[in-house]
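Just below is one structure, and these are the notes that go with it.
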Amino acid sequence: MVDETGADGELNGVLAETATAPVVAAKRIDSIDTLRGLALCGILVMNIPFFALTSFAMFKPARAGGFEGLDYATWLTGHLLFDMKMMSIFSMLFGAGIVLFARKAIVKHGKAAGLHYRRMGWLLLFGLIHAYLIWEGDILVMYAMCGMLFFPLWKLPAKWLTLIAIVFLSVVPLINTGFGVSMKSARAEYERFVAVEAAGEPTEAFDLRKVDAWAGKVNEKTGERSGGLRDEFYPTEEKIEKEAAAVRGVITDRIEHRAPGVIWMQTFLFLWWGIWRAGGCFVLGMALFKWGVFSAARSTRFYALLAAIGFAIGWPIIGVGVRYNTAHEFDVVHQFIAGMNFNYVASMFVALGWVGLIMLMCKSNALQPVQKGLAAVGRMAFTNYIGQSVICSFIFFGLSGLGLGLFGELSRAQLVPIVVGIWVFQIIFSMLWLKRFRFGPLEWAWRSLTYGKVQPMSRSVRSPRSLS
């Protein structure tokens, strides 16, 4: 029986076994590792287009990688099964991990805040290194900032956490729609302005702020407009080629070219999207952990209903969104007004459907080889997440001649074997590594830095050694 604080028998066992040291061989919650492994594998499906294709394909998927036949089937499968679903699961598990970490810290040290914020501080540093030197799509910085902001909520009852999560998750669609309406107005004003100007009629009555916002300000030397929303979402071929040259060439060129985007993600996007979506998932994950959902402690009927309801609600909504966006040719204004909101909302239901399905698998001990492989990847999620970035950077970036430089060369369908190959490699690598070692290499470094002591790496238990 699980109470509202989530103090079930399994969790009590974990806490009791970890009371002697932060990393003494403790009983892990295997279902969480399995679910995390699934999420990490699924995240690669959605990340690899950002390594392999122009960044402008995010809003215009037909712009790169192909959008017919197998390429369209690849995109649609990823959109239905993985897009935002895996990140949602990963984020919920991160929130659950905050609760588990805090409880362990209290058992050992009598307090948790100091260790938690030190832990998030080091994660922030890892994320900054990852974002600026390895891959621009880093999520660790956002997670570290959300982890700092939402930590004070971890003691709240699950019902209050759920309510807070729903409120936070509801904000982004409102922001998207408001921005989309503003974009529509700005574009319409610009189009009217151009028509009137071409006719040689006065343009003083127009709102030039809207015109400039959409098309950018006029360059006094060239007479051309640039720097507006149109350039961001409707790039020229020249701009796409410039991006490809930077990515395939010298490392410093790629870093310089994409650094503004990284800064934008870590500031504006965090306030627009990250704090609400990732933060909302963090808080919901805290609640679900306290209710025993992630530890496979609920009934088989509960998980079957969770899976059935999640998929039954989520997939039809996504289908409507696909039809809507296709009918409007993925026009960015329509995407912000409504198009993106279909998957945004539905992805939470599908993510919960995945949770129900994986918990059913864990409760029934079905597909044991699959469970073991996913659990191994999940136990080394930090190492494997960065590992995916390193592997994909080598394949798609030039890296000053050290990489293969396949950016923009492959279709969406041709990316599938690469994804599967990385999955197989990381599953085998993780299982072999964990036979000898207690943690992945980055997990070990993160723990050692958090506790200020070198943690035992091999499976033979040794006393931690101070880093000072």
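The values are calculated or read from the model by the stated rules, or taken from the named source; none is laboratory data. Being a predicted model, the structure only gives us computed values, none of them experimental. All Cβ positions, glycine included, derive from the backbone under ideal geometry; neighbour counts span all protein chains shown.
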Can you find even one residue in the range 241-248 that is crowded, with 18+ Cβ neighbours inside 10 Å, more than 27 Å from the chain's Cα centre (by Cα), closer than 29 Å to residue 142 by Cβ and without any contact (Cβ under 8 Å) to a residue 24 or more places away in the chain?
no
Applying the selection to the range 277-303, what residues are aliphatic (A, V, I, L, M) and either crowded, with 21+ Cβ neighbours inside 10 Å or on the phi > 0 side of the Ramachandran plot (or both)?
278, 283, 284, 286, 287, 288, 293, 296
Tell me yes or no: at least one residue of the range 304-317 is surrounded by 21 or more Cβ atoms within 10 Å (Cβ to Cβ), within 30 Å of residue 233 (Cα to Cα) and touching a helix residue (DSSP H, G or I) at 6+ places or on another chain (Cβ under 9 Å).
yes
For the range 320-343, give me the residue count where each residue is over 11 Å from residue 59 (Cα atoms), small (Gly, Ala, Ser) and touching a helix residue (DSSP H, G or I) at 6+ places or on another chain (Cβ under 8 Å).
2
If you go through 455, 388, the only one that is in contact (Cβ under 8 Å) with a residue 12 or more places away in the chain, closer than 22 Å to residue 74 by Cα and not charged (D, E, K, R) is 388
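Any chance you could count how many residues in the range 209-227 are assigned to a helix (DSSP H, G or I) and without any contact (Cβ under 8 Å) to a residue 12 or more places away in the chain?
We begin by selecting, within the range 209-227, every residue assigned to a helix (DSSP H, G or I); these are 209-215.
Right, trim to without any contact (Cβ under 8 Å) to a residue 12 or more places away in the chain and you get 209.
Going through the range 209-227 one residue at a time, the tally reaches 1.
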Single condition residue 362 does not satisfy, out of (1) farther than 23 Å from residue 79 by Cβ; (2) part of a loop (DSSP other than H, G, I, E, B)
(2)
Quick check on residue 422: is it under 21 Å from residue 137 (Cα atoms), surrounded by 15 or more Cβ atoms within 10 Å (Cβ to Cβ) and of a type outside the set (D, E, K, R)?
yes
How about the range 430-442: which of its residues are in contact (Cβ under 8 Å) with a residue 24 or more places away in the chain and either surrounded by fewer than 19 Cβ atoms within 10 Å (Cβ to Cβ) or under 18 Å from residue 44 (Cα atoms) (or both)?
430, 431, 433, 434, 441, 442
Of the residues in the range 64-107, those that are more than 18 Å from the chain's Cα centre (by Cα), farther than 30 Å from residue 411 by Cα and surrounded by 18 or more Cβ atoms within 10 Å (Cβ to Cβ) number 7
Can you pull out every residue in the range 407-452 that is under 22 Å from residue 392 (Cβ atoms), hydroxyl-bearing (Ser, Thr, Tyr) and outside any loop (DSSP other than H, G, I, E, B)?
430
Test: residue 333 is surrounded by fewer than 21 Cβ atoms within 10 Å (Cβ to Cβ), part of a helix (DSSP H, G or I) and touching a Gly at 6+ places or on another chain (Cβ under 9 Å):
no
Breaking point among (1) assigned to a loop (DSSP other than H, G, I, E, B); (2) of a type in the set (Val, Ile, Thr); (3) modelled with pLDDT of 90 or more, for residue 203:
(3)
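Table: residues versus (1) more than 30 Å from residue 328 (Cα to Cα); (2) among the charged types (D, E, K, R); (3) at pLDDT 95 or above; (4) crowded, with 20+ Cβ neighbours inside 10 Å.
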{"residue": "122", "(1), (2), (3), (4)": "yes, no, yes, no"}
{"residue": "128", "(1), (2), (3), (4)": "yes, no, yes, no"}
{"residue": "143", "(1), (2), (3), (4)": "yes, no, yes, yes"}
{"residue": "147", "(1), (2), (3), (4)": "yes, no, yes, yes"}
{"residue": "155", "(1), (2), (3), (4)": "yes, yes, yes, no"}
{"residue": "162", "(1), (2), (3), (4)": "yes, no, yes, no"}
{"residue": "172", "(1), (2), (3), (4)": "no, no, yes, yes"}
{"residue": "185", "(1), (2), (3), (4)": "no, no, yes, no"}
